[in-house]
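Okay, so here's the structure we're looking at.
Just so it is clear, none of the values below were taken in a lab; they were calculated from the coordinates. Note that this is a predicted model, so its numbers are computed, not measured. Reconstructed Cβ throughout: ideal geometry from the backbone, glycine too, with neighbour counts over all protein chains shown.
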Amino acid sequence: MVRHDVFEYARQIGNADLLRMLEAAARLRYSPATHGRFPRPARYAAAELLRLGYQIGSGILVPVWAEHVIPFLVSRTSRGAVPTLPRSVVFIDGLSDEQVEAMLDGDYAEHATVEHQRRLDAKKARYVAIAARTLANHAVGMPMGPKAKRVNELVCECGGDLEEVARTDEETKELVREWISKISSYNGGARLGTDPDFYSD
Amino acid sequence: MTALRYVRDDSDLRVQRSVGVRGHYGSLGCARLLGEQSLLVSYMPLAHCGRKFFHGLARGYRARELTRSILVTSSHSLNPREPTRAARVVMPRPTGAPLVVACYAGRVADVRALLASGADPRAPSAEGDTPIFSCIHFGYANILEKLLATGQYDLVHQVQTSFNPCYVPPLFYLLYYWAKPDRPQLKWPGSDPLECVRLLMEAGASVDAVEAQRSLSDS
């Protein structure tokens, strides 16, 4: 049999932070004062045992249970039932826009609303960035027609809210539609500044 | 990002043109996807993967030489400047389970998308490698964080993997390789073994010594 010891490995590594972390973990004994320093599953295990103490009795028994019994039952590796949100909520930023929109009417509508708004804001910020970059290119000599310039200025003024831009008048509405189709085909504005067609009216 | 979905065969992929990527990694016929804006991330056996392969993916191509891989589509682009480690890594290469391969390749966005879609962080690859060992091997703390965020804290006690025949938990495995003078896999960009240790400890990894049938160096 071969013995594996993390402290031996840590000494070979020679990292003081690592050694300190491991030694602190090895020294850790459960008490109400050290509860916060325990891993999350162990904290939930302690909480379950505390609830059990309340079920057994009340009054003087509970503090005795918490301070003198639970420390013998809880270690760093104890595992209680840790409540977790569904994966689709925990990793909501990894979902597609369609999946997030589908969640808006579900049980986790609150999370979906926040994420949906975050994505909308990010999209608006992207529109503003592209419009500002286009105007900056125009300022240094890239030709741009007056209507295209006005649309880009409006995008910046409206904070990237294209619907608001389109509400200004019918002519602008059509230009905004073109603007959206152009930036979409540029895959995030990667080719912006190299295509003179973008700047024409 | 478009909806993540699994493609189990090539039938619904429309090929626009083929581009041969030839080199010492082998000949890879690549095909561009039509019909969807998304970039196809093809997790094929990494034995065939190299820098050129991932550069091809970054341009929107995919390898045609798919064997038993499951494809994962997503629209986020791969950074063509990001070095692929696949060609340089000397260790058993996982195949089959996309999450294990994504962990192995250090692709955080893919790991996040797969976990959001319900991928099992315990599921091993065809070779028996598990996601946690695949990322621990390289010290990818950001991926380990995602795996533990699923709430499955028993992952830190998991021991089953093909390249860990002595069956020690991830913390011991990581420290053993960190202590070795020659540890190239813990020097990749994105590798943070100390943060990995911290995450494992916070998830309740045991620091008590363990006894195993064999030494890790025997593996």
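Checking the structure you have, find out if any residue of the stretch A:44-52 is within 11 Å of another protein chain (Cβ to nearest Cβ) and surrounded by 14 or more Cβ atoms within 10 Å (Cβ to Cβ).
Of all residues in the stretch A:44-52, those within 11 Å of another protein chain (Cβ to nearest Cβ) come to A:44-45.
Applying the additional criterion that residues be surrounded by 14 or more Cβ atoms within 10 Å (Cβ to Cβ) yields A:44-45.
Yes, the stretch A:44-52 contains at least one residue that is within 11 Å of another protein chain (Cβ to nearest Cβ) and surrounded by 14 or more Cβ atoms within 10 Å (Cβ to Cβ).
When the residues of the stretch B:129-160 are filtered to those that are under 13 Å from the mean Cα position of the chain (by Cα) and assigned to a loop (DSSP other than H, G, I, E, B), which remaining residue is nearest to A:Val82 (Cα to Cα)?
By that ranking, first place goes to B:Thr130.
Look through A:Arg79, A:Arg43, A:Arg3, A:Arg29 and report the one residue that is in a helix (DSSP H, G or I) and of a type in the set (Lys, Arg). Steps first, please.
On the way: A:Arg79 fails: in a helix (DSSP H, G or I); A:Arg3 fails: in a helix (DSSP H, G or I); A:Arg29 fails: in a helix (DSSP H, G or I).
So the residue among A:Arg79, A:Arg43, A:Arg3, A:Arg29 that is in a helix (DSSP H, G or I) and of a type in the set (Lys, Arg) is A:Arg43.
Considering every residue within the stretch A:58-79, establish whether at least one is hydrophobic (A, V, I, L, M, F, W, C), within 14 Å of chain B (Cβ to nearest Cβ) and in contact with a helix residue (DSSP H, G or I) (Cβ under 9 Å, 6 or more places away or on another chain).
yes
Is it true that A:Ala45 is within 17 Å of B:Tyr153 (Cβ to Cβ), of a type in the set (A, V, I, L, M) and touching a Ser or Thr at 6+ places or on another chain (Cβ under 9 Å)?
Values: within 17 Å of B:Tyr153 (Cβ to Cβ): yes; of a type in the set (A, V, I, L, M): yes; touching a Ser or Thr at 6+ places or on another chain (Cβ under 9 Å): yes.
Considered against the rule, which asks whether it is within 17 Å of B:Tyr153 (Cβ to Cβ), of a type in the set (A, V, I, L, M) and touching a Ser or Thr at 6+ places or on another chain (Cβ under 9 Å), A:Ala45 comes out as yes.
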